[in-house]
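Some notes on the structure that comes next.
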Amino acid sequence: MKKFFYILMAAAAMTLYACNSDGDKTKINTVTINVLVDNEKISDVVDVTLKSKSTSTSYVASTTAGTATFNVAAGIYEATATLYKESAIYNGTNSSVTVTDDGTNSFNLDMIKSTTSQVIIKELYFGGCMDNAGAKHFANDAYVTLYNNSPVEADASNYAFGIVYPANSNTNSNYRKDGELTYTDYLPCWNAVWWFQSGTQVKIPAYSQIVIAMKGAIDNTATYSNSVDLSNADYAMYDPEVFTLAAAYPAPSGKIPSSHYLKTYLYGLGTAWPLSNISPAFVVFSPEGTTAEAFVKTASNIEIAGNGKAFACAKVPVSWVMDGVEVYSATALDKSNKRLLGSVDAGYVKFTNKLGYTVYRNVDKDATEALQENSGKLVYNYAGGTADVENGSTDPSGIDAEASIANGAHIIYKDTNNSTNDFHQRKVASIKK
Amino acid sequence: MRRLIAIAAGLLICLLSFAQKYSFSGTILNRKDKSPVDFATVLFVECEQWATADANGRFTIGNIPAGKNTLEISCLGYVTLRMPVTITKNVDVFTVMLDEDNLTLASAVVTAKENESSATTHRVMDRTALDHVQLVSASDISGLLPGGVTQNPSLTSTQRFNLRAGGVTESGNASFGTAVEVDGVRLSNNASLSGTSGVATNNIATSNIESVEVISGVPSVEYGDVGAGIVKLNTRKGVTPYMVTLTTNPNIKQASFSKGFGLGDTKRKASKGVLNVNAEYTTSYKDQRSPYTSYDRKQISASYSNTFMRGFFEGIPLRFTAGVSGNLGGMDSKADPDKLTGTYSKQRNNSLRGNIEASWLLSKPWITNLEFKGSLVYSDNLSKTKDQYSSAGGTVALHGKEEGYFMAQDYGSDPDAAAILIPRGYWYNTMCLDGKPFSYKLTLKGNLAKKIGHVSNRIMLGAEWNADGNFGKGEYSEDISTAPTYRTYDYSELPFMNNLSVFLQDNVMIPTGKQGSVNLIAGLRSESTFIKGSEYGTTSSLSPRFNAKYTVLEGFRRRNKTLRNLAFRASWGMAVKQPSFAILYPQPDYSSIRVLNPPTASDGSAYYGYYIKPSQIEYNPGLTWQRNYQSEVGVDLDILGTKISVAGYWNRTAKSFRVSNAYDSFAYNYTDQSMLESCGIPVDNRTYLIDKSTGIVTVVDKTGALPSETITGITRESLIKRTYADNDGSPVNRYGIEWVIDFPRINPVNTDVRLDGNFYSYKSVDRDLLAYSPTSQQQVDGTPYKYVGWYTGGNKFANGSEIKTVNANVTFTTHIPKARMILSLKVEGALMKYSRNLSEGIDGEIRTVAIPDRTSYLPSGETDFMDNSSYTATYPLYYSSYWDPTPRPFYEDYVKAKTSNPQLFNDLSALVVKTSYVYSFRKNYISPYFSANFSVTKEIGELASISFYANNFFRNMGQVYSTMTKQHSSVSNYIPKFYYGLTIRLKF
């Protein structure tokens, strides 16, 4: 008790001393931060954060004509800013903002377009499941979940979806020569790509998602209890005049408006989009200066990866790719090869099909925990992974993303462009309640 | 036809001259124990006089003209004896010793023997050779032919003969043109609706095959309905002990029993004949690790043969043979535990074959022999597949054959609905494909053998009637309520294809000097095909055939000379192949387009509307029967005991059968999902009606709360494919050389060395203008594709290919008669294996060009796309469209569209066929490779024999190099994997 008293007295003395020093005030300096993109001042309004390296005190100011103005004391600061624009993320960090009492205190903050995306693939369910008797494999159910990994609304209207050749990770391909991929600046998207209908605004609110049924946009659980109910999907890949296989493309549930049907164009062969149920290389891309439809309907953008139209691939520039996930078949790891370029996905996620498993993104623990609004809402001890099975995996963050979201938390998923770090094999599809 | 008969009559009159005749009597004894050999057949070849030995081995033949003749004595279980005989008087006592055919004889061989008396290439494999290779499927004998490649035995894949031709990828339906006969019974695949392939040999029991004859050269005109090559399987006929055979190898088990019963004599000492019976059970597993999917063959056969020589037949003997053979079996996966419980796939391969044959030695001045043959073959090829089906949503099965728009209906509400809606869930269904081909043949043939001076003349005149039909029901389901999409097509309603043939042949043998002769054979076969009730009506053809053989030197007297035998032969002939039902009556196409896809209701109810457009069988008035022109030259010689036989051949197949495509324009009404958005009736309350003729959709409120709404839809313009019987206007050319060199025995080691091989060349370039349209594809504007490409030789990057191969085998056969053992080592070598894709246009047309990269569609300017490594694009010569069916030159419009009409350019690009490998047209030489096969047969006294073989017993697992891909690959793609088998035969 005595000790506590002495500490309290000392603290009071220091406070009195500070009060007594009011006459000798610290000088406040005007600091300007010029936010630049490609050496030009940014026209958008951006919130710039200036954080003191000594006190960790942060200040936020919006730009006006590309410049944010602060009034701070001398010291060393770090200026940061993030801009979400046209589905891309621009990040800028200047760790050398040294404010002096006599200086000009004008600094530049260069914004770099990030290779990570605002909208990411949160989940890819493609492996199917066993039927009720455990006898036959059902794989006419597949979906992808796009997630807005940012605090601002994303526009995905121009997005398109493709699968990179070959269908499976362990299939031979003449895109490989001497162990290396022959392409460096594009991805060969096989057979067909899908896009949202023209005029349909696809907006994804902050930290929210859309579910796109890629096959079987109905309640598949009525027949296959291990499957998923896609009758409530937000969108559906459904273009029955192009892909006619009714087993893969039953008429979608009435809950999905026809304006939410994605369209496609078949430049290859077949009656269904050949999304692998074993080990696809799946990409989401956003065409620049054109549309996905116009791009794939131009013959010169299509190349044949083998003798015959069955091997037709669209050469999608890698700079268009927003996100991708490379899946390796767990039963053929030694024979599997990369299809996605390192700039899209430097790793892979191991997967075992037929068991209802899904590929699910890991949580960025630090970033998620750093969000103040998540305080008390995060659920830990995640047990949805498959680390307990051969070639399985789980989310090392330990955060149960779905439970946390249900709890009102905002999840920031890991996005290092490396599936080995970013994804794990989840035991059950997240939409399966 | 009248002209033919007149020619035949003229020839007969010329030959009705009388010459001095003698009789020839003798006794046939077993050399070993001097016991009589009864039922032996004695034949004077040139005059065609024959007799059968009685129980005492005695025989008498009359009416033998004076002069040289060839005596041939054969009997089951004995070595056939063939010897020249000069008849100058009646011969009353002539004793012949026959050797039992077993491994104590130095003459035993385990390779194919040349038929030296034939004027064309004709090879024979006897029981010793067949036992040595442990014949399981008749087609396994292909490895015994010159340059033949050994295959591991299997019955779970379809086995066919394919003489003087390559694989199934070659044009010209080679296997379809190879005729197969069992005891003279033609096995026809004409009534098959599954294609134009040769008859499968899987269901032919092999345990009672005594010999196999392979006629690769120009056959006699008595053989019709053939392309190139005839394989004749002859079963055992004659008295035999009880014989039991047990065969095993990793995938096949076989057991058989056979016996030839002598039925004794009548009270008048006339023979009651011989009854041969054979029973065989063979099972072949697809995979030895999972012995459930298997092919079974359970066959019983019986044949009766007798020669009537007493009473009425005294001096004019009549030989009678009747046989029947029944087979039960086929593929079966029913017991496979790896499959889903309750599901199976079974395919029957049952057959019933029957034949009678009578040969009556009339010995009249105007006729020597009269032969009658009758045969029938009935097969039951019913296949049944029971599958489990399941669906997350309602699915539709289409059965309607009528044109129009139809909503899918529940089976309960309309069992005859054109489109049946199967509710979501699980169900089983058994689908059947019932094919029951039937064929019969009747042949009446008269021979006249006449000797005019030293010239032997044998005339044959015959007529043949054969017919093919099918009693099968085609495809059907045991439960149509849950059956998948199919349309009935009852094979039994298809008309029979009948064929009447008349043939005439003269076979002249002219001696030249003391040691030579000239054999000339000329024949003509007239065939008329009648298809009653079909627009094809009657089709006629003439097939002339000629064979000539000049034997310069031969005979016993030259056995110590350097050149002991020298003969040249040449043949030319034409043969006509009747079509298969798959050509005559191709299954109609049905275009079934889903024209209405309303949303699935929350209770899972689905509704679909379809437009069905049938395209009926197209009659092609220009269809002609496939024909084969065959030429051959050969030389046979014997130098110091080294027998050399070389034959060169050239075969040209013209007008080969195929099915071609045509495209018609049509339009239909389509109701898009977005058009239903405006409908105010809640999805769960809707039902849909569709007008059968207009396709206009009416949405009805099930609750009756809201009025019905009509959705007009939009018109879609499209193309529909139909198929029709056609001939390939471009010929298929094959030529080659076959050689066999048998060196004299190396006596110190009892070893024979044989070199055999073949050079084979194939070339075919299809120059017909063939239509193709990717009708399942969409245009750039999102509507169905509307252009048709007209390609020289079809829409493949190559419209032809050339192949050249050299296969050479060396066989070392060590035969130790005292040990009754024969061992053989056969090294098979592929010295050259060359192939190349070809793309050739008509009259200088540029069909294929080099393109600079894989995304280009227009030429790079590089002129040589064949030898230079480049990506290629192949263009149609013309194109037509939905709007204008008149073909327009493609390339000109295509290039123009590149700048003036990008949409057209992109749409027409779908007709451009590109390669993505720079080596697609490169020469492909596969580096030489080898395989060694070892076989041994050992007789254990008279009681038993045992055979063992090991294929690829050096276990060659090396690699070969391809000059096309410039890569190595495993040699296992070309040679049989290491395999072995054992057979034990017991006699008692």
Item checked: Sparse-neighbour loop sites [GluC sites (Glu not before Pro); the stretch B:444-498; at most 14 other C-beta within 10 Å; DSSP] -> B:478
Next item on the list: Take the alpha-carbon centre of the stretch A:343-361, take the same for the stretch B:917-988, and report the distance between them in whole Å.
Entry: 43 Å
Check: Taking each residue of A:134-144 in turn, how many C-beta atoms of other protein chains fall within 10 Å of its C-beta, and what is the average?
Finding: 2
Checklist line | Projected area, mean over directions - chain B, Cα convex hull, nm² | finding: 46.1 nm²
Check: Given a Förster radius of 60 Å and the C-beta distance between residue A:416 and residue B:667 as r, what FRET efficiency does 1/(1 + (r/R0)^6) yield to the nearest 0.05?
Finding: 0.65
Check: Computed FRET efficiency, Cβ-Cβ of residue A:133 and residue A:176, R0 35 Å: what is it to the nearest 0.05?
Finding: 0.30
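So what's Rg/Rh here for the stretch B:367-521, counting alpha carbon atoms and using the Kirkwood radius for Rh?
1.39
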Checklist line | Dipole-positive endmost among A:92, B:406, B:676 within the protein assembly as shown (Cβ charges, Cα centre) | finding: B:406
Note to self: If the reach is capped at under 12 angstrom between alpha carbons, list the aspartates and glutamates near residue B:826, excluding any in the same chain fewer than eight residues apart.
What the structure shows: B:752, B:756
Note to self: Can you tally the net charge around residue B:399? Count Lys and Arg as +1, Asp and Glu as -1, for every other residue whose Cβ sits under 9 Å from the Cβ of residue B:399.
What the structure shows: +1
Checklist line | Taking only Cα atoms of the protein assembly as shown, radius of gyration then Dmax in Å | finding: 41.3, 160
Check: Rounded to the nearest 20 Debye, what is the dipole magnitude of the protein assembly as shown about its Cα centre when Lys and Arg each give +1 and Asp and Glu each give -1 at the C-beta?
Finding: 7180 debye
Next item on the list: Determine the distance separating the Cα centre of the stretch B:323-387 from the Cα centre of the stretch B:573-619; give it in Å without decimals.
Entry: 32 Å
Check: Does anyone have the angle between helix B:890-900 and the longest principal axis of chain B? Alpha-carbon axes, 0 to 90°, nearest 10?
Finding: 20 degrees
Notebook entry, point to check: Dipole of the stretch B:458-553, Cα-centred, from +1 at each Lys and Arg C-beta and -1 at each Asp and Glu C-beta, to the nearest 20 debye?
Noted result: 900 debye
Note to self: Taking the Cα centre as origin and putting +1 on Lys and Arg beta-carbons and -1 on Asp and Glu beta-carbons, what dipole magnitude results for chain A, to the nearest 20 debye?
What the structure shows: 720 debye
Next item on the list: Taking the Cβ of residue B:963 as the centre, find all other residues whose Cβ is under 12 Å away and add up their charges (Lys, Arg: +1; Asp, Glu: -1).
Entry: +4
Next item on the list: Would you mind pulling out the separation of the Cα centroids of the stretch B:848-916 and the stretch A:39-94, in Å?
Entry: 56 Å
Check: Of the cross-linked pairs B:113/B:763; B:32/B:987; A:335/B:923; A:338/A:432; B:232/B:373, which ones have a Cα-Cα span greater than 21 Å in the structure shown?
Finding: B:113/B:763; A:335/B:923; A:338/A:432
Note to self: Just to confirm the number: angle between the C-alpha axis of helix B:2-15 and the first principal axis of chain B, 0 to 90 degrees, nearest 10?
What the structure shows: 10 degrees
Notebook entry, point to check: Other chains' Cβ within 10 Å of A:209-218 residues: what's the mean?
Noted result: 2
Next item on the list: Tell me which residues come under 5 Å, amide H to amide H, from residue B:225 once H is placed; ignore anything under 5 positions away on its chain.
Entry: B:576, B:578
Note to self: Just to confirm the number: angle between the C-alpha axis of helix A:2-20 and the first principal axis of chain A, 0 to 90 degrees, nearest 10?
What the structure shows: 70 degrees
Check: How many percent of the alpha carbon pairs in chain A exceed a separation of 30 Å?
Finding: 50 percent
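Hey, what's the per residue convex hull volume over the C-alpha atoms of the stretch B:69-183, in cubic angstrom?
158 Å³
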Margin query: Sort B:670, B:735 by Cβ crowding within 10 Å, fewest neighbours at the top.
Written below: B:735, B:670
Notebook entry, point to check: What residue among A:233, A:383, A:156 shows peak mean-square fluctuation when chain A is described by a Gaussian network model with Cα springs under 10 Å?
Noted result: A:383
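Sort B:255-265, B:942-952 for me by packing, meaning the mean count of neighbouring Cβ atoms within 10 Å per residue, highest on top.
So the order, starting with the most tightly packed, is B:942-952, B:255-265.
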Next item on the list: Using a 10 angstrom cutoff on alpha carbons, build the Gaussian network for chain A and name the most mobile of A:102, A:219, A:395.
Entry: A:102
Margin query: At R0 = 45 Å, how high is the FRET efficiency between residue B:292 and residue B:22 if r is their beta carbon distance? Nearest 0.05 is fine.
Written below: 0.10
Margin query: Along the charge dipole of the protein assembly as shown, pointing to its positive end and built from +1/-1 on Cβ of Lys, Arg, Asp and Glu, which listed residue (B:624, B:639, B:741) has its Cα farthest out?
Written below: B:639
Next item on the list: Specify whether the C-alpha gyration tensor of the stretch B:848-903 places it in the rounded, prolate or oblate class, a ≥ b ≥ c being the square roots of the eigenvalues: rounded for a/c under 1.5, otherwise prolate if a/b is larger than b/c and oblate if not.
Entry: prolate
Margin query: How shielded is A:236-242 by partner chains, expressed as the average number of their Cβ atoms within 10 Å of its Cβ atoms?
Written below: 4
Check: Around residue B:838, what is the net charge, scoring Lys/Arg as +1 and Asp/Glu as -1 over all other residues with Cβ under 9 Å from its Cβ?
Finding: 0
Margin query: Can you classify the stretch A:172-230 as rounded, prolate or oblate using the Cα gyration tensor, where a ≥ b ≥ c are the square roots of its eigenvalues, rounded means a/c under 1.5, and otherwise it's prolate if a/b beats b/c and oblate if not?
Written below: oblate
Next item on the list: Report the one residue of B:44, B:790, B:830 whose Cα lies farthest in the direction of the positive end of the charge dipole of chain B (charges on C-beta: Lys and Arg +1, Asp and Glu -1; origin at the Cα centre).
Entry: B:44
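Rounded to the nearest 500, what is the 222 nm mean residue ellipticity of the protein assembly as shown from helices alone, with -39500 (n - 2.57) per DSSP H run of 4+ residues and division by all residues?
Details: 11 runs with 88 residues, N = 1421.
Computed ellipticity for the protein assembly as shown at 222 nm equals -1500 deg cm²/dmol.
Bear in mind that the values in this text are calculations on the coordinates, not laboratory data. Predicted model only: the values in this text are computed from it and were never measured. When we count neighbours, we look across all protein chains shown, and the Cβ atoms used for this are built from the backbone with ideal geometry, even at glycine.
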